[in-house]
Amino acid sequence: MHYEYNFSKIKRRTALFLAVVFFVFLVLVSRLFYVQLIQGAWLSRQAHDQWFRDLPLQAPRGQIVDATGHVLADSQTIYSVYVRPSAVRDAGAVSAVLSNALGLDFSYVNQRVTSRVSEVTIKRGVSREHMLTIRQSNLLGIYFAQDVTRRYRYGDFATQVFGFTNIDGDGQAGLEAYFNRYLRGLDGQALTGADIRGREYEGSTTYFIPPVPGASLHLHLDHNIQSFAEQAVERAIADHNAKGARAVVMDVNTGAIRALANRPSFNLNEIPRDDVALLMELSRNPIITDVYEPGSTFKIFTLAAALDLGVVTTACRFGCPGFRVIDGERIRCWRTKGHGTVDLVQGLNVSCNAVFMDLALRIGVDNFYDYIRRFGFGQKTGVDFYSESAGIIMPQKMVRTVDIARIGFGHAIAVTPLQLMAATAALVNGGNWVQPQFASHITDERGRVVERFQPVTRRVLSPQTSEQVRAMMEAVVRDGSGKNASVVGYTMGGKTGTSQKYQDGIIAQGKYVSSFIAFAPATNPRYMVLIIVDEPGNYMYYGSIVAAPYARDIFDRIFRYRQIPPDIDITNEFTQMPEVTGLTLEQAIGAIARARLQVKIYGDGGSVTKQLPPAGTRLIKGSVVLIRADTS
């Protein structure tokens, strides 16, 4: 019995021992499986990292190319200088060479060279010349990494369009940010054998994993037309002592943005990174991100809706005593003494507020809001750009009769300039709304097209209504308030706009936004230009005077650049602005009258101190010019 008891006990212990052994074996096998198969790749990389030192090779960023094939932004190779303290044999010599070549303080460099870290960056953004100077010293412990910096061919040029990159080559604003995934590329590496302390083995080999260049972004933007727009906004600010100015040029049929210029601005090769608030302000693209009351430029949409619905004809006549009383509120026309009795064409030519209040009331809230949405107001255009605003429209259920009247002439609604451009293009191109676009296509490093971008389109207006509106807008430039935008020999259409600015929800006295939107040729619309002058000074703020002349300058240069032939007889249609600065007011008025021009006078003095445009400027007969009269 005792023997059987001991034997059973031994069997149990043996079984337990075997179970433990089996369990340990299972754990070891499982761990081996996990290490070999699950963690194998990761552990291999860890071992690789311990036995190799790697230096990054930044990928060249893709080019930004305009519609003519002209490169506007590309990449330039620069270098970063590193030191591995464990590999340094003569810290003093290394510190001296680096401080002299890089213009750094010796003590600062020496502190980093003698630090107890495995690797330390001395300086980034080093030129090739300085890199070669350092390399010629043949001192141990100094290493170089290839970096890439962005270079913009023209500096302060389409600044808010392009945006910029950070020091690591990632897009931070503008098209650089929006198309970063195409432009960025894939970084490479330079791998050198080293021990655990980072020291290179004698005779070690360096392996290179080359970077993959980024794809190139091809734009609809034309650098020649962009230069016309840049110069126009600069002149507008200088001539009118304005806070800012903007210009956009777009193809009315395709939505292709040919130019977009903003001032004030900055040089993209000298980014003010030390002042973040200033950088954020100047890099914002107000054409896309900001809203404003469009004023009289919105009247063309009221007109189009009324014509399309059939609630008005060109034979209709309207009386303007200088105001309308709606819901008990007196709403003034901009011409407080009124325009008298005018027909629809005349009402648009003189931009009579009363006419468009009447049209808005005839259309009605429901129908008007239907057309407002058709034209894309209150919603984003979908342009290929970040931070686009949808604009501001009053909730339809809250609109009163007096509100719809104000919307009729461009108040009580806020739009972005780009929304206005897209909607106006639809008015004159046959009734098709086309999504605005910067980008045409993407190509790889071999020049092969890898992606092409197509705009969204939709019909918003009948072709018949579009033709009517186009003809009436042509009359505005030929006979009405847009005459200062006329280019001799060409049919053009357009609309002026002047609106007050708001500050803290109330009207900012004396602050205006002057604008003019135009298209040409009127017989076969192709180009559209929008000029906005923000807070013009010198007592002048009407869009017909402040903005229209700069649209004319852009169109005049486009016609010559694109070799677009005149489409009307120019015989005896133009004259020249005489020199009247320094003359008495009476003498100046006489000289301007003899030149077959109209004059608008500012100031109450007897001597002319300033004139716009300058003497010798070619003008259509009947154009309005400006003079400033002060006391001598």
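Just a yes or no: is a residue in the stretch 546-555 farther than 30 Å from T631 by Cα and assigned to a loop (DSSP other than H, G, I, E, B)?
Kept after step one, since they are farther than 30 Å from T631 by Cα, are these residues of the stretch 546-555: 551-555.
So of that shortlist, the ones also assigned to a loop (DSSP other than H, G, I, E, B) come out as none.
No - not one qualifying residue is present in the stretch 546-555.
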**OP:** Quickly run through the stretch 273-326 and pick out the residues that are open to solvent by 30 Å² or more (accessible area, probe 1.4 Å) and among the hydrophobic types (A, V, I, L, M, F, W, C).
**Re:** V276, A277, L278, M280, V291, L309, V311, A315, C316, F323, V325
Subject >> Hits in the stretch 112-163 (condition: touching a Gly at 6+ places or on another chain (Cβ under 7 Å) and under 30 Å from Q231 (Cα atoms)) >> reply: T149, Q160, V161, F162, G163
Original post:
What strands (runs of 3 or more DSSP E), lying completely within the stretch 581-621, carry at least 1 residues that are within 25 Å of I568 (Cα to Cα)?
Top reply: 598-602, 618-620
**OP:** Give the stretch 400-421 a look and list any residue that's under 15 Å from G378 (Cα atoms) and open to solvent by 10 Å² or more (accessible area, probe 1.4 Å), or say none.
**Re:** H411, A412, A414
**OP:** Please state which of the following conditions R362 fails to meet, knowing it meets all the rest: (1) of a type outside the set (V, I, T); (2) at pLDDT 95 or above; (3) crowded, with 20+ Cβ neighbours inside 10 Å; (4) in a helix (DSSP H, G or I).
**Re:** (3)
Original post:
Being open to solvent by 10 Å² or more (accessible area, probe 1.4 Å), outside any helix (DSSP H, G or I), in contact with a helix residue (DSSP H, G or I) (Cβ under 6 Å, 6 or more places away or on another chain) and hydroxyl-bearing (S, T, Y), is that true of even one residue in the stretch 501-523?
Top reply: no
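Regarding the stretch 252-272, can at least one residue be identified that is crowded, with 21+ Cβ neighbours inside 10 Å, over 23 Å from Y512 (Cα atoms) and over 16 Å from the mean Cα position of the chain (by Cα)?
Among the residues of the stretch 252-272, at least one is crowded, with 21+ Cβ neighbours inside 10 Å, over 23 Å from Y512 (Cα atoms) and over 16 Å from the mean Cα position of the chain (by Cα), which makes the answer yes.
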Subject >> Residue ID - modelled with the highest pLDDT, chosen from residues in the stretch 521-558 that are of a type in the set (G, A, S) and within 24 Å of Q509 (Cβ to Cβ) >> reply: A547
Original post:
Restricted to the stretch 467-480, and to residues that are farther than 15 Å from T424 by Cα and either open to solvent by 30 Å² or more (accessible area, probe 1.4 Å) or of a type in the set (F, W, Y) (or both), which residue is modelled with the lowest pLDDT?
Top reply: D479
Original post:
Going by the structure shown, is V580 farther than 25 Å from A229 by Cβ and open to solvent by less than 20 Å² (accessible area, probe 1.4 Å)?
Top reply: yes
Original post:
Of all residues in the stretch 602-630, which are surrounded by fewer than 14 Cβ atoms within 10 Å (Cβ to Cβ) and hydrophobic (A, V, I, L, M, F, W, C)?
Top reply: A615
Original post:
Residues in the stretch 60-70 that are over 28 Å from K123 (Cβ atoms) and either among the hydroxyl-bearing types (S, T, Y) or open to solvent by 30 Å² or more (accessible area, probe 1.4 Å) (or both): how many?
Top reply: 4
**OP:** Name, by its number, the condition in (1) out of contact with any strand residue (DSSP E or B) (no Cβ under 9 Å at 6 or more places or on another chain); (2) without any contact (Cβ under 8 Å) to a residue 12 or more places away in the chain that does not hold for R330.
**Re:** (1)
**OP:** Would you be able to tell me the number of residues in the stretch 588-617 that are touching a helix residue (DSSP H, G or I) at 6+ places or on another chain (Cβ under 9 Å), more than 17 Å from I545 (Cβ to Cβ) and either touching a residue at least 40 places away in the same chain (Cβ under 8 Å) or β-branched (V, I, T) (or both)?
**Re:** 0
Original post:
Assuming F356 fulfils every condition listed in (1) free of Cβ contacts under 8 Å to residues at least 40 places away in the same chain; (2) open to solvent by less than 10 Å² (accessible area, probe 1.4 Å) apart from one, which condition is it?
Top reply: (1)
Original post:
Of the residues T336, T381, T424, which is open to solvent by less than 70 Å² (accessible area, probe 1.4 Å), of a type in the set (S, T, Y) and under 22 Å from S514 (Cβ atoms)?
Top reply: T424
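Please indicate, with yes or no, whether at least one residue in the stretch 548-555 is of a type outside the set (D, E, K, R), under 23 Å from K299 (Cβ atoms), in contact with a strand residue (DSSP E or B) (Cβ under 6 Å, 6 or more places away or on another chain) and surrounded by fewer than 24 Cβ atoms within 10 Å (Cβ to Cβ). Give the steps one after another, and end with the answer.
Our first condition is that a residue be of a type outside the set (D, E, K, R); within the stretch 548-555, this holds for 548-551, 554-555.
Next, only the ones that are under 23 Å from K299 (Cβ atoms) stay: 548-551, 554-555.
Retained after the next criterion (residues that are in contact with a strand residue (DSSP E or B) (Cβ under 6 Å, 6 or more places away or on another chain)): 548, 550-551, 554-555.
Next, from what is left, pick out any that are surrounded by fewer than 24 Cβ atoms within 10 Å (Cβ to Cβ): none.
Within the stretch 548-555, not a single residue is of a type outside the set (D, E, K, R), under 23 Å from K299 (Cβ atoms), in contact with a strand residue (DSSP E or B) (Cβ under 6 Å, 6 or more places away or on another chain) and surrounded by fewer than 24 Cβ atoms within 10 Å (Cβ to Cβ).
Taking the stated definitions as given, is H441 open to solvent by 30 Å² or more (accessible area, probe 1.4 Å), farther than 17 Å from I257 by Cβ, in contact with an Asp or Glu (Cβ under 8 Å, 6 or more places away or on another chain) and of a type outside the set (A, V, I, L, M)?
Details: open to solvent by 30 Å² or more (accessible area, probe 1.4 Å): yes; farther than 17 Å from I257 by Cβ: no; in contact with an Asp or Glu (Cβ under 8 Å, 6 or more places away or on another chain): yes; of a type outside the set (A, V, I, L, M): yes.
Taking the combined requirement at face value, the residue does not satisfy it.
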**OP:** Could you pull out the residue among L278, L268, L219 that is touching a helix residue (DSSP H, G or I) at 6+ places or on another chain (Cβ under 6 Å), within 25 Å of T165 (Cβ to Cβ) and of a type in the set (A, V, I, L, M, F, W, C)?
**Re:** L268
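The values are calculated or read from the model by the stated rules, or taken from the named source; none is laboratory data. Everything numeric here is computed off the predicted structure, so don't read it as measured data. Neighbour counts are summed over all protein chains in view; Cβ atoms, including those assigned to glycine, are modelled from backbone coordinates with ideal geometry. Calculation scope for accessible area: heavy atoms of the full protein, side chains included, ligands and nucleic acids excluded. Shrake-Rupley method; radii C 1.70, N 1.55, O 1.52, S 1.80 Å.
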